[in-house]
Every structure is written in C-alpha cells, then in structure tokens.
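A.B. asks: Attaching a single structure in structure tokens format; questions to follow.
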Amino acid sequence: MSSALSLAHEPVTGIRHGKLGMWIFLASEVMFFSGFFTAFIILRNTNLPVFAHGASELNWPLAALNTVNLIVSSLTMAMAILSLEHGNKSRFQLYMGITFLCACGFLVIKYIEYTAKFSHGIYPGTSSFFGMYFTMTGFHAIHVIGGMIPIGWMLAKSFTKRGYQDWERVEILGLYWHFVDLVWIFLFPVLYLIF
Amino acid sequence: MAAVATTQHDHAHVATHDAAHAHDHAHHSVSFIRKYIFSTDHKTIAKQFLSTSMFFLLVGGAFALFIRWQLAYPGEPIPLVGKWLPDTLVSNGAVQPGFYTQLVTMHATIMIFFVIIPMATGAFANFCIPLMIGTDDMAMPTVNMVSFWLVPIAGLTIMSGFFVEGGTAAAGWTNYPPLSASGTGHTLWVIGVFLVGFSSILGGMNYLATTLNKRAKGMRMFDMPLTVWALFITSILQVLGTPVLASAVSLLFVDQVFHAGIFIPENLLTSTGGLFPNGANVGAGGGGQPVLFQHLFWFYSHPAVYIMILPIMGVVSDILATFARKAIFGYKAMVFALMAIAFLGFVVWGHHMFLSGMSPLLGTTFMLSTIVIAVPSSIKIFNWLGTIWKGNIHFATPNLNALGFISTFVCGGLSGIFMAIGPIDVYIHDTYFIVAHIHYVLFGGALFGIFAGVYYWYPKMFGKMYNETLGKFHFFLTFITFNLCFFPMHMIGVGGHMRRIHDPYVYEFLKPFQPINQFITIFAILMGFSQLILIFNLLWSLKFGRTAPRNPWRANSLEWAAPAHPGHGNFDRDITVYRGPYEFASPQSKRDYLPQWIRPAHVDAEQEATVVGKH
Ligand code: HEM
Ligand SMILES: [Cu+2]
C-alpha cells in the first residue's frame, strides 16, 4: 500500500514468502506423517501376526501401479514448471494436464482398492492394521485431492485469455506435489510390501 | 501527516508520504466485513484473537468456579446459576459427577487451547512481529486470516458437545483413551482440537516466514527484540509439535468411530458394558496401545507448555528492560536459553508418564533431561534479575505484572523440579500438587505475562492509555488472591488430595481438607471477579482513555516508531535499523534511551521529534 515507504522490500532470505512458507509447512507435514509411522511401528511390533495377515490381503500390484503413477506425475510437474518458466504455454498445459490425469488415475485406483476391501467386509474397524491402513492412505488421498485443486485451477486459468504466467507459484505447488509423492513412496513398502 | 513524519531533513520524502497516504485513503473504502471481520490486517487479527480469547477466558473461568464450588460445598446448589442448569448436569442445582468431569475437561481444554495459546501466539505474534521488525504486514496475510477463523469454529465445535447425547468430553484435557474412545462429545473434542491445531500450524508458519523474510533494512536476527525471538522459536515448536497432536487425535478419531483397536486395548472390559456396544472384546483384530496415545499426546503437549510460556518470556524481557531503563542483561544468552528450552522441550515428554508403565531406564532419562531444562530456565531468571538489578525501576502496571510473572514462575518451576524426580512423582502424580504447579506456571506465569503485554501494547493497539489506577488495583488484587488460592493446593496435594475428583470427602483422610478447600474457593471467586476490573478497564479506556502518545514508555523497539494508532501499512516513515533494541542509557544520546530507528548522525534532532507526548 504505502508504496512510497520502502518497508516492503525484497525478501531478506531471497526466498519468496510463499515458497518459504511452503517449506515450513512441509516440515510440519513430515511431523504429521511421522506420528502415523510411529504408531504403525509400535502397533506392528506388538501385533505382528495381525499386521502380516492384513498386509497380505492388500493388492500390491495395484499399489505398485499407483507408485509409478505418482512418480510420473512428479516428473511431469517438474516439466510443467520448466515449460512455464521458459514461457512455453502449450507445453505447460500438456504437462500440467498429464499431472492432473495421473492424480485422477491415482484416486480411481485407490477407489477400486477401497471398494474391493469393503466388499470383502474389511473396514477400518476390522483390525488395528486396517485402522492404520485406512487412516494413512486416507490422509494421503486427501493430500492428493488438496494438490489437484490448485493444479486444476492453474490449468484452467492458463486456458483463459489472460493465461497463467506465475511459474514460481507452480514451483511452490510442485514442492507440495513432490512431498505427496514422497509420502506415498514410504507408504507403499511399509503398508503393502512387508509381511 | 507531514508533522508526524519526523524525517524533516528530507521534505521531498515527506511529500511522497503524503501522496502515498492520499492514495491509500482513496483505496480504502473497503467494506465493513473486509475491514473488521474477514480482515487480513495483522493488527485487526491480533485484536480478534485477543477478544476471542478474553471471551473464552470468562467461559473457562466460570467453569473453574463451578469446580471450586463443588469441592468446597459438595452437594450444595451452585449459587445464582445452579437452578438454571438442566437436570442432566445438576441435581437440585448441585454439580453431578458426570458434569464435574466435563467441567474439569472443558476448563483445561478451553484455557489451554483457546485462551493461553491463542493469546500468547495469536494475539502477540500478530501484533508484535510486523511492528517490531518494522514491516507493513505478515508474509501471508490470507493464511493469517484463516488461522484466526479456525479458532472460533473449533471452539464452537468443542462447546457444542454440551448439547449432544452423553454430554461433552469428560476424559480430562489430556483425553486419554480408552476413556475417550467413545461418545459423540469426545469426537467433537477431537475435531475441535484438530482444527485449533491447524490454526496454530498456519500461524506458526506465517510468523516464521515473516520474521525471516520481512525484517526492516539493517535489522539482523540479533537486532530483534526478545519478544520477536521468543515468538520465532515458539513458532518452530508450533510447526513441528502440533502436527503430532493432529495425527494422535486422528487415530483416536478412527478408534472412536470404527473401534479399530489402535489405542483400545485387547479384551477391554468396562464396568457398564456401555463403552463398546458389544460389551467387550473389540480387540479381535489386534490389541491397541493406550500408552501410545500418551506418548504422541505428550510429544506435542510438553512442547505446548513452552508454546504457552516462551512468548511470555520474551514479552517480559522487553517490559523489564524498558521499565528498569537498562539493557537486558545477557541478550545473547537469553536467545540461546530460549533455543535450549525449546530443544530440550522435545525430549522430556515422558515426565508426564512416570506412572503410565515405562521402563525405569527410560524414566531415568526423562527425569535427567527434565532436570536439565532447569539450567536454561535459571539463566533466564538470573538475567531478568540482572536486568532490574540497580535499575531505575518504574512500577507501572505492565512492569508490576512482569514482576508478578517472575515470582510466580520461579515458584512453579521449583515445584516442577519436584515432580521431575521420578520417585517423588510417584507420590504426587495426579494430586493437587500438580494442579498447583500448572496454575503457578500457566496462570501465575503465562497469564500475568499476557496481562503485562496487553497493558504494555494497549496504547499502540488502540491509541488510548488504559487507566493506571485500575490497572494497579487489578494487578494487586489478582496477585494476592492468586497466591492465596493456589498456594494451599501444594499442601493438600502432598496430603494426598487427588485431582479431578467429584467429592473428595468420600475418603475419611481427606475430610480435614474441606476448610482449606473452602478457603481456596473463596479466593478463587474473588480472583475470578477481579478480572472484571481488567475487562472494564480495557473497554472503558477505549472510549474514555487519554489519547496515547507515540512512544509512551520511551522504549527503543520499532513498534514505537509507528503512529500512536497505526493504520493499514503501519508506519509513516521509512524504517532502517541502526542498533539493537536495548540501548538504554547510551552515551550517544542525551536521553536515557536510544531507539533502533534513529540515525546515528541525527540522534538529538530526530529523537527530539519523537519525544514522549507527541503523536
Ligand atoms: C522447570 C520447569 C518445569 C519442570 C521441571 C516441569 C515438570 C513437570 C512435570 C514432571 C510434570 C508432570 C507431573 C505429573 O503429572 O506427575 C508437569 C506437569 C505439567 N506442567 Fe510442568 N514443568 C516445568 C515447567 C512448566 C511450564 C513452564 C509449564 C507451562 C507453561 C508447565 C505446565 C505443566 C502442565 C500443564 C502440567 C500438567 C499436565 C497434566 O494435566 O497432567 N510446566 N511439569
Ligand atoms: Cu511436561
């Protein structure tokens, strides 16, 4: 506002406010998921048979597919940032679009997995393993949806007349998106592969 | 405006200020809603936090008085309000056992999550950080707005528990399962705590980004006042600690709704059979770990007690230095002590669980790490004493409250050391000794510090001076009644009086304590009603207070460079920082203080222009 006053200067750290905020937020997110992993480790060590049995009931090939899915989306997200930075609008739309589709694909597969469990009468209350499974993957899925909203918004915006140019914002979103991917990279072996 | 912009050496500059402000005003036909309700201005948000917390302070205080009434006169109807309460809560106007546990739970939940934390971080961080680092607003104003609005939503969620079947949460503010693993009231508690925790994380994120990125020109980290340092370090605790509470309550939620057996142990039998619909045996699919919840909970909640006290330590440091007209003693040591307390705060949580079932070896490590915290804490105490030592002490209301903070905090810290010793804690755990401790650190410590800060910054917040006589009266009344109320709790605690008990006198050995409990209750009531003086003073002075000067306390930090009642954008002058915030009695200046923003070559002329009394 008070443009004549030189109070609002360049960020002291040289990192844009939003980006700095995102890094801090991600630190917080790491602690959030750490809480779940801690609980998982403790419960697993005290209920080994239940956990082994639970994990064996999960559909790991589908989850592996989903892992590939998210890794690809992380890659295309990075390409989208680069394209926008270089001012290549159509490339940005392409890569951002693929990212969005991958995210949708992830949720569809997750939906298939969940409904398969429900149809076998498996719910979060079935055992402490499934309690943990549904909580951890559920919160992860919420994070995926939370990422899809701004991805979709930026994509839609870039199709309007004014377009979308703020590649630094996309970069900030990218940080978040890579984090969501990373969480899955931990969830996948921990939930599906050890039994 | 030009008269206010005191950098008269540069008329062209002043003119641009004017232009900027004219432009400002044209722009500023913001709607009432954007200006006062969904505001993104950090000062407005600070005031919103302050008023919301004040409201919750009254609610939580009323609950406390119900509790005290029951302990002093069990079975007798609550005066005035008893007959209005529904029969599910009271019988013949007297508190029922179920209502009693709800009261202790809600009292602590409200005081911790909705009073002290939002005041210490929300109100002070929002008001002080941008002003004290010389900038116009927070780094992320919209996030800041969301961080406030989550608080009333969370508060309403938790309070709505009173209207659901089975009543509100009643397992204590620590909400341990399995007791808390069923009932709508507990589920609402979990949702509310999750939301208020999210508010805390968003706030902390913003305070960190702002402090790192938006400091005025020339201000290094070690030029920041201790208030800002303390809030900065507190924010780290908020950002790293709160999410663990969020994951703990999320898992508790899954247990409540689905009976997953995460915290509910295998083959749990309850006397009523009502806790779980089938009577028992939820653990067919693996047994849960109730103690796991305690670990996760205290991993947050011990750092949380530092979230409640560190900002206050910063505020008190600034106030003591200003009113003793002396530099803070050992500025860097104060900063490092804050860091040490924050770090150690993450490795001591087990001292709340000595009796929960823990390897004695682990208990010993927690005992040692807890005792070690006494070292940085003492550094702070000694440095405060060093600051006021031989100072030119002014006993204005903020300073009285700050001194009150030190004396009660020392007392609470000492009882902490007792409880930190495992073998002693076995005896006093879950007694009124603990209640005495928490009130000495949280009421005596945090709340006196909050009072100090509110009085200290009131002139800058509202542009008016509060009434000094009423302020002093409020302080002395509160200080005396506080000690008479809480000190005897140490004694009945050591005598075996347990906490959270509806009617202690069912035990023969507690009967002699009834007169002491009545004594405590009388002073609790007096203390409660003394707070009306504070509320009256704050509201009355809004309208009838003397107009505040720009720098009423002749302090050095940047907020006093802003106009008496700063508008949007905060400052009417460029801010460059030339020195640390504690230059009292500097040989460079004729006066006994030398603000951070005064240019070295112009000390006398410029200081003249912002001298006390001018707006
Ligand atoms: C030298 C500093 C301190 C030490 C050594 C200390 C130690 C302890 C210990 C060992 C307990 C557990 C007692 C038990 O339940 O048996 C405890 C409880 C507690 N402390 Fe402190 N404490 C210190 C400072 C503080 C401060 C600064 C605060 C808050 C501002 C605080 C707030 C609390 C609270 C709220 C509880 C009770 C938790 C509950 O409801 O069970 N303490 N403290
Ligand atoms: Cu503690």
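The values are calculated or read from the model by the stated rules, or taken from the named source; none is laboratory data. Computed from a predicted structure; not experimentally measured. Positions of Cβ are backbone-derived with ideal geometry, glycine not excepted, and every protein chain shown enters the neighbour counts. SASA here: full protein model, heavy atoms, side chains in, ligands and nucleic acids out. Shrake-Rupley method; radii C 1.70, N 1.55, O 1.52, S 1.80 Å.
A.B. asks: Sort A:C104, B:C128 by heavy-atom solvent-accessible area, probe 1.4 angstrom, most to least. Don't skip to the end; give the middle numbers.
C.D. replies: On the way: A:C104 45, B:C128 0 Å².
Putting A:C104, B:C128 in descending order of accessible area: A:C104, B:C128.
A.B. asks: Just to check I understand the Karplus step: with θ = phi - 60° and J = 6.51 cos²θ - 1.76 cosθ + 1.60, what whole-Hz values come out for the range B:551-556, glycine and proline as x?
C.D. replies: With coefficients 6.51, -1.76 and 1.60, one gets 10, x, 9, 6, 9, 9 Hz.
A.B. asks: Helix B:42-72 versus the longest principal axis of chain B: what is the Cα-based angle in degrees, 0 to 90, to the nearest 10?
C.D. replies: 30
A.B. asks: Okay, next question. Find which of B:A342, B:V196, B:H474 sits farthest along the positive direction of the dipole of the protein assembly as shown, computed with +1 on the beta-carbon of Lys and Arg, -1 on that of Asp and Glu, about the Cα centre.
C.D. replies: So the residue furthest toward the plus end is B:H474.
A.B. asks: For the range A:17-193, with only Lys/Arg (+1) and Asp/Glu (-1) charged at the beta-carbon, what is the dipole magnitude about the Cα centre, in debye rounded to 20? Display every interim value, and only then the final one.
C.D. replies: Numbers: 10 positive and 8 negative charges, 81 e Å.
About 400 debye.
A.B. asks: For the range B:42-609, with the dipole built from +1 on Lys and Arg beta-carbon atoms and -1 on Asp and Glu ones, taken about the Cα centre, which of B:A327, B:G496, B:N213 lies farthest toward the positive end?
C.D. replies: B:A327
A.B. asks: Now for a separate question. Where nothing but the Cβ of Lys and Arg (+1) and of Asp and Glu (-1) is charged, how large is the charge dipole of the protein assembly as shown around its Cα centre, in debye to the nearest 20? Walk me through the intermediate numbers first.
C.D. replies: Numbers: 42 positive and 35 negative charges, 271 e Å.
The dipole magnitude comes to about 1300 debye.
A.B. asks: Okay, moving on. Just to confirm my numbers, what's the Cα centroid distance between the range B:241-255 and the range A:81-114 in Å?
C.D. replies: The two parts, judged by their Cα centres, are 31 Å apart.
A.B. asks: Would you mind counting up the charge near B:H439? Only other residues with Cβ under 14 Å from its Cβ, with Lys and Arg at +1 and Asp and Glu at -1.
C.D. replies: Working: positive: B:R68, B:R499; negative: none.
Once positives and negatives cancel, what remains is +2.
A.B. asks: Just from its helices, what would the mean residue ellipticity at 222 nm be for chain A, if runs of 4 or more DSSP H residues each count -39500 (n - 2.57) and the sum is divided by every residue, rounded to the nearest 500 deg cm²/dmol? Walk me through the numbers before you get to the answer.
C.D. replies: On the way: 6 runs with 149 residues, N = 195.
Result for chain A, helices only: -27000 deg cm²/dmol.
A.B. asks: Let me ask you something else. Long-range amide H contacts for B:A94: which residues qualify at under 5 Å (H placed 1.01 Å from N, peptide plane, sequence gap of 5 or more or a different chain)?
C.D. replies: Hits under the 5 Å cutoff: B:I78.
A.B. asks: If you don't mind, another one. With point charges of +1 on the Cβ of Lys and Arg and -1 on the Cβ of Asp and Glu, referenced to the Cα centre of chain B, which listed residue (B:A170, B:P130, B:V59) lies farthest in the positive direction of the dipole?
C.D. replies: B:P130
A.B. asks: Provide Rg and Dmax in Å for the range B:566-606, with only Cα atoms included in the calculation.
C.D. replies: That works out to 11.5, 36 Å for Rg and Dmax.
A.B. asks: If amide H atoms are built 1.01 Å from N in the plane of the peptide, which residues on other chains or at least 5 residues away come under 5 Å of the amide H of B:V164?
C.D. replies: For B:V164, whose amide H was placed from the backbone, there are no distant partners under 5 Å.
A.B. asks: What stretch of chain B, leaving out the sites themselves, is the longest with no trypsin sites (Lys or Arg not before Pro) in a DSSP loop having at most 12 other Cβ atoms within 10 Å? List each step's numbers first, then the result.
C.D. replies: Details: sites that count: B:R220, B:K390, B:K590.
Free of exposed loop sites, the longest segment is B:1-219.
A.B. asks: Taking just the alpha carbons, could you work out the radius of gyration and Dmax for the range B:138-259, both in angstroms?
C.D. replies: In order Rg, Dmax, the Cα atoms of the range B:138-259 give 17.7, 59 Å.
A.B. asks: Rounded to the nearest 100 Å², what is the buried accessible area between B and A, both sides summed, probe 1.4 Å? Display every interim value, and only then the final one.
C.D. replies: Values: alone 23960 and 10830 Å², together 31120 Å².
Rounded to the nearest hundred, the buried surface is 3700 Å².
A.B. asks: List, in the order given, every pair from A:K19/A:K157; A:K89/A:K110; A:K19/A:K89 whose Cα-Cα distance in the structure shown is over 25 Å. Display every interim value, and only then the final one.
C.D. replies: Working: A:K19/A:K157 21 Å; A:K89/A:K110 31 Å; A:K19/A:K89 22 Å.
Among A:K19/A:K157; A:K89/A:K110; A:K19/A:K89, the Cα-Cα distance tops 25 Å for A:K89/A:K110.
A.B. asks: Work the Kirkwood hydrodynamic radius out for chain B: mean of 1/r over every pair of different alpha-carbon atoms, inverted, in Å.
C.D. replies: On the way: mean 1/r = 0.0393 Å⁻¹.
Computed over chain B, the radius equals 25.5 Å.
A.B. asks: Could you list, bin by bin from short to long, the percent of Cα-Cα pairs of the range A:17-193 in 10 Å steps?
C.D. replies: 9, 35, 31, 17, 7, 1
A.B. asks: My understanding is that a pair violates if its Cα-Cα distance is over 24 Å; which of B:K380/B:K590; B:K47/B:K83; B:K35/B:K543; B:K214/B:K380 do that in this structure?
C.D. replies: Working: B:K380/B:K590 30 Å; B:K47/B:K83 35 Å; B:K35/B:K543 20 Å; B:K214/B:K380 28 Å.
With Cα atoms farther than 24 Å apart: B:K380/B:K590; B:K47/B:K83; B:K214/B:K380.
A.B. asks: At 1.4 Å probe size, with every protein chain present, just tell me what the per residue accessible area of the range B:42-609 comes to in Å².
C.D. replies: Details: 19150 Å² over 568 residues.
Dividing the accessible area of the range B:42-609 by its residue count gives 34 Å².
A.B. asks: In whole Å, what is the distance between the alpha-carbon centres of the range B:60-123 and the range B:482-561?
C.D. replies: The range B:60-123 and the range B:482-561 have Cα centres spaced 15 Å from each other.
A.B. asks: A follow-up question, please. What span do the alpha-carbon atoms of the protein assembly as shown cover on each of the three principal axes, reported in whole Å from largest to smallest?
C.D. replies: That works out to 83, 82, 50 Å along the principal axes.
A.B. asks: Further, regarding this structure: Could you give the length gained on full extension between B:L532 and B:F544, defined as 0.36 nm per residue of separation minus the Cα-Cα distance, in nm?
C.D. replies: The B:L532-B:F544 span can extend by a further 2.6 nm.
A.B. asks: Could you tell me the relative contact order of chain B? Use alpha-carbon pairs under 8 Å, at least six residues apart, and round to a whole percent. Write down the numbers at each step before the final one.
C.D. replies: Working: 1042 pairs, mean separation 92.3, N = 615.
Computed over chain B, the figure is 15 percent.
A.B. asks: Let me have the 222 nm mean residue ellipticity of chain B computed from DSSP H runs of 4+ only, each contributing -39500 (n - 2.57), with the sum over all residues rounded to the nearest 500. Mind showing how you got there, number by number?
C.D. replies: Details: 17 runs with 350 residues, N = 615.
Result for chain B, helices only: -19500 deg cm²/dmol.
A.B. asks: Between A:K89 and A:A116, what's the calculated FRET efficiency when r is the beta-carbon distance and R0 is 60 Å? Round to 0.05.
C.D. replies: In this case the efficiency is close to 0.90.
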